[in-house]
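Here the structure comes first, spelled out in structure tokens, and everything after it is commentary.
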């Protein structure tokens, strides 16, 4: 609608220029101007803008045949007013368009984030169950002493290597999907991230009060979101 309005002004002027060789804006005396302004040169009819040809016909039909080469000042003023209105509408539509683009981009970004969060939530429960398997493999590997491994024979070594390889592959799979271990040893205790299972007197600790001296069970985070707190021993007074 906006483009049609702007096109109309150019079309109206161009068509009139083509049809009238010596077209000029009419210079009125006070009396002539008053009589011209009494005529209704509205550019809209029933709420819709007239086409260039229709408006030209409306203007020409209101003036005498000997004045066909003149544009009544009132009609020209209507064109100027309409041009200003279209400029204002154009600016308003442009502003709304830019706001709509910004809002669409925000909606797109929120949608992507919500989708990513949904994916993380979907596998979170499954990851927690697998952590118990990882813990058991860690305990199994750490429980075998070197001397027992040497005296256990080939079968013992093969079993140990198989468990170790399974543990390694599982750790790589965790990392591939954003599931990483959290060992907060020597860090300041944070009740939102860590679970204190016992306290160590400061006289027997290397870390300052309020810090973690020992991590008895490592924690895990999924895509930087904690899903299992690390179990730790905290230095106390």
With bins of 5 Å, the percent of all Cα-Cα pairs of the stretch 65-152 per bin from 0 is 2, 10, 7, 7, 7, 6, 7, 5, 6, 5, 5, 4, 4, 4, 4, 3, 3, 2, 2, 2, 2, 1, 1, 1, 0
The stretch 179-237, relative contact order in percent, only Cα pairs under 8 angstrom and at least six apart counted: 45 percent
Cα atoms only: what Rg and Dmax, in Å, come out for the stretch 179-237? 11.3, 38
Spin-label point model (7 Å from Cα, Cβ direction): what's the residue 204 to residue 51 distance in nm? 9.8 nm
Cα centroid separation - the stretch 82-117 against the stretch 171-218, whole Å: 48 Å
Place a label point 7 angstrom from the Cα of residue 141 along the Cα-to-Cβ direction, then list the residues of the stretch 152-196 whose backbone nitrogen is under 11 Å away. 161-172
Length added when fully stretched, residue 107-residue 223, from 0.36 nm per residue minus Cα-Cα: 39.5 nm
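All of the numbers you see were taken from the coordinates with simple rules; none came from a lab. Here the structure is a predicted model, which is why all the values come from computation and not from measurement. FYI the Cβ positions are ideal-geometry reconstructions off the backbone, even for glycines, and counts take in every protein chain you see.
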